[in-house]
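The values are calculated or read from the model by the stated rules, or taken from the named source; none is laboratory data. All figures in this text were calculated on a predicted structure; none of them were measured in a lab. Counting neighbours? That spans all protein chains shown, and the Cβs are built from the backbone with ideal geometry, glycine included. Heads up: the accessible areas ignore ligands, DNA and RNA and are worked out on the full protein's heavy atoms, side chains in. Shrake-Rupley method; radii C 1.70, N 1.55, O 1.52, S 1.80 Å.
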Amino acid sequence: MQDVQPKRVLAAIDAFLSTPLDAALSRHRETDPADRALALFHEVAAAVPAYRRFLAEHGVDPAAIRTSADFAALPVITKQNYVLRHPIADLCRGGRVEPCDMIAVSSGSTGKPTFWPRSVTDELPVARRFEQVFHDGFRADTRRTLAVVCFALGSWVGGMYTAACCRHLAAKGYPITVVTPGNNKDEIFRVVQDLGPAFEQVVLLGYPPFLKDVIDTGRARGVDWAPLRIKLVMAGEVFSEEWRTLVGERVGSTSPCYDSASLYGTADAGVLGNETPLSIAIRRFLAGRPDAARALFGQDRLPTLVQYDPAERFFEQRDGMLLFSGDNGVPLVRYAILDSGGVTSHADMMAALAGFGFDPRRELDGERGARELPFVHVFGRSDFTVSYFGANIYPENVVVGIEQPGVKEWVTGKFVLEVREGADRDVVLSVVVELAPGEGESEARREAAARSIEEHLVRLNSEFRSYVPAGKRAPRVTLRAAGDPEYFPLGVKHRYTRKPGGDGGGGRGSASAAGGARAAKADDDRPVTGIEPGPTRRT
């Protein structure tokens, strides 16, 4: 028996259950986040065998790391140079995996599973992110709520983690009841229709394309979503604000900033940040102001924008890549998850928006959801693009085109973007689009989709507008039936880009849809690039 374990778990659960959300989200003001990260480093260096060896290999004496500048000079760890090189127990404190009561599995881009030990004590900081969404966005502290977990269950991290965190909220006193049909659509419809009317709201939690498929299939089967007062919690992929509006319309949503939220996280460390009413209001403004988005984020695409608690996770921005440090079953110090993005303080974000004449707080329902927490923006993997005439084309740009009136009514929202070589060796921009169930292809529909995609690529992507000759901008659109086995196979996570020589929509060599809010699906076996020497920004 582990004598220390019950005391540790009881203390963590008591702190979670007894600490109000407002108090928990104010802790970061008490201590400099950089000091917390430094303390975590020393604790991990003393307690984790693998990290001690890693530091020795890099000639680092832990006792010499005394300041935030010293911390910023520490070697970066990755899945490749650290996690995969050591036995699983050596990655845990004391070289023991037993205090971690559960193992999560993530497949990563290569499909090779990686195992991540965790304890119930690691779930509680993640449960706080769910609490922030349910409290600030959905007012679930005052509304009877049915939480329907639509992530895949089993050993994969998303479904089990989500179910556990929602149950922690219920234990804290939120009137939340959890049901776990997983990604079985028939079961989802059954529990929603049979149980939903007994609650004041129903929250569907899952990957965005799957939730849209559930909603669209339900409508085709006669499910009336509006009386159920549907809310959405999403993870795994970035989506456009046009997508949020479209799906909201189909479930009867009337308040985009309060009816859905996306989570940003990884299998490695759980949820790192979450959309808030404030961040959604900002993102919706930026969706209509590409110039403002470029000024803020430096790119012609709209990233996932979340807020995070610096008392729980420490973010750094280095050469356009994100690093984070955080405590988990496998503690991680200056870990590179291969996401491009950046960090912005709350004050800097508000000042920048004021320069464009916008105050997002005016869009909100009072102060709920307008917390003074820092922001992290996430573009995802930098190689989730195709290059066409030297212009980087992002899935985020294309998705806006197929979510416009006149197109969105007969597509699912899935597509595969690639550059092909024609018979005369000229390159063409190819977009293979999935038709909604029961919809057919026609030349008129192909032309409508091509026009809309081209229009919004020109509007949103300055490289496309500047580099691609006018006569080469129209994409070659192909329409495929729902579930097409070559491009849209059922039962696997969809991939939105295909590189030359790739193996199709779901295979190796392709990349995830714009890769932004990848909760529970974000690890990779490739070597990290672009994060060695260079300036570091911390928040």
For the chain, longest principal axis from Cα atoms; helix 208-220 axis from its Cα atoms; angle between them, nearest 10 degrees, is 50 degrees
Full extension between Ser442 and Asn81 adds, at 0.36 nm per residue less the Cα distance, a length in nm of 124.9 nm
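Ranked highest first by average number of other Cβ atoms within 10 Å, how do 204-214, 301-311 line up? Intermediate values should be presented prior to the final figure.
Working: 204-214: 22.8, 301-311: 25.1.
So the order, starting with the most tightly packed, is 301-311, 204-214.
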When all Cα-Cα pair distances of region 278-391 are considered, the percent exceeding 20 Å is 46 percent
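Checking a compactness column here: for region 193-350, what do you get for Rg(Cα) / (2.2 N^0.38 Å), N being the number of residues?
Numbers: Rg = 17.4 Å, N = 158, 2.2 N^0.38 = 15.1 Å.
So region 193-350 has a normalised radius of gyration of 1.15.
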In degrees, nearest 10, the alpha-carbon axis of helix 33-47 is tilted away from the dominant principal axis of the alpha carbons of the chain by 60 degrees
The answer for the chain, accessible area per residue at 1.4 Å probe in Å², is 38 Å²
At q = 0.05, 0.10, 0.12 Å⁻¹, the log10 of I(q)/I(0) for the chain from a Debye sum over equal Cα scatterers comes to -0.19, -0.80, -1.18
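Pairs of Cα atoms under 8 Å, at least six residues apart: use those to get the relative contact order of the chain, whole percent. Provide the component values of the computation, followed by the final result.
Details: 1057 pairs, mean separation 87.3, N = 539.
Relative contact order, the chain: 16 percent.
Exposed loop GluC sites (Glu not before Pro) only (DSSP loop, at most 13 other Cβ atoms within 10 Å): please give the longest stretch of the chain free of them, not including the sites.
Details: sites that count: Glu30, Glu367, Glu486.
The reported range is 31-366.
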So, over other residues within a Cβ distance under 15 Å of Pro99, counting Lys, Arg +1 and Asp, Glu -1, the net charge is -3
Between Ala73 and Ala47, Cβ-based FRET efficiency (R0 22 Å, step 0.05) works out to 0.50
Given 261-269, 277-285, 3-11, the highest-first ranking by average Cβ count within 10 Å works out to 261-269, 277-285, 3-11
Region 207-223 scanned against label point 7 Å out from Asp186 along Cα→C-beta; backbone N under 20 Å for 210-211, 213-223
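Over region 172-268, calculate the relative contact order: mean separation of alpha carbon pairs under 8 Å at least 6 apart, over the residue count, as a percent. If you can, show how the numbers build up before the last one.
Values: 95 pairs, mean separation 24.3, N = 97.
Answer for region 172-268 is 25 percent.
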So the FRET efficiency between Arg420 and Asp194, C-beta based with R0 = 60 Å and rounded to 0.05, is 0.80
Simple SL model, points at 7 angstrom along Cα→Cβ for Glu486 and Glu57; separation in nm is 4.3 nm
To the nearest 10 degrees, the tilt of helix 4-18 (Cα long axis) against the first principal axis of the alpha carbons of the chain is 60 degrees
Using eta = 1.567 mPa s and T = 4 °C, Stokes-Einstein with Kirkwood Rh from Cα pairs puts D for region 1-92, in µm² s⁻¹, at 82 µm²/s
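What order, most packed first, do the peptides 173-181, 135-143, 288-296, 160-168 have when packing is the mean number of other Cβ atoms within 10 Å of each residue?
Numbers: 173-181: 18.0, 135-143: 19.9, 288-296: 16.0, 160-168: 22.9.
Going by the mean number of other Cβ atoms within 10 Å, highest first, we get 160-168, 135-143, 173-181, 288-296.
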The percentage of the accessible area of the chain (probe 1.4 Å, all protein chains present) made up of carbon and sulfur atoms, to the nearest whole number, is 52 percent
The Kirkwood hydrodynamic radius of region 50-128, taken as the inverse of the mean 1/r over all distinct Cα pairs, in Å, comes to 14.6 Å
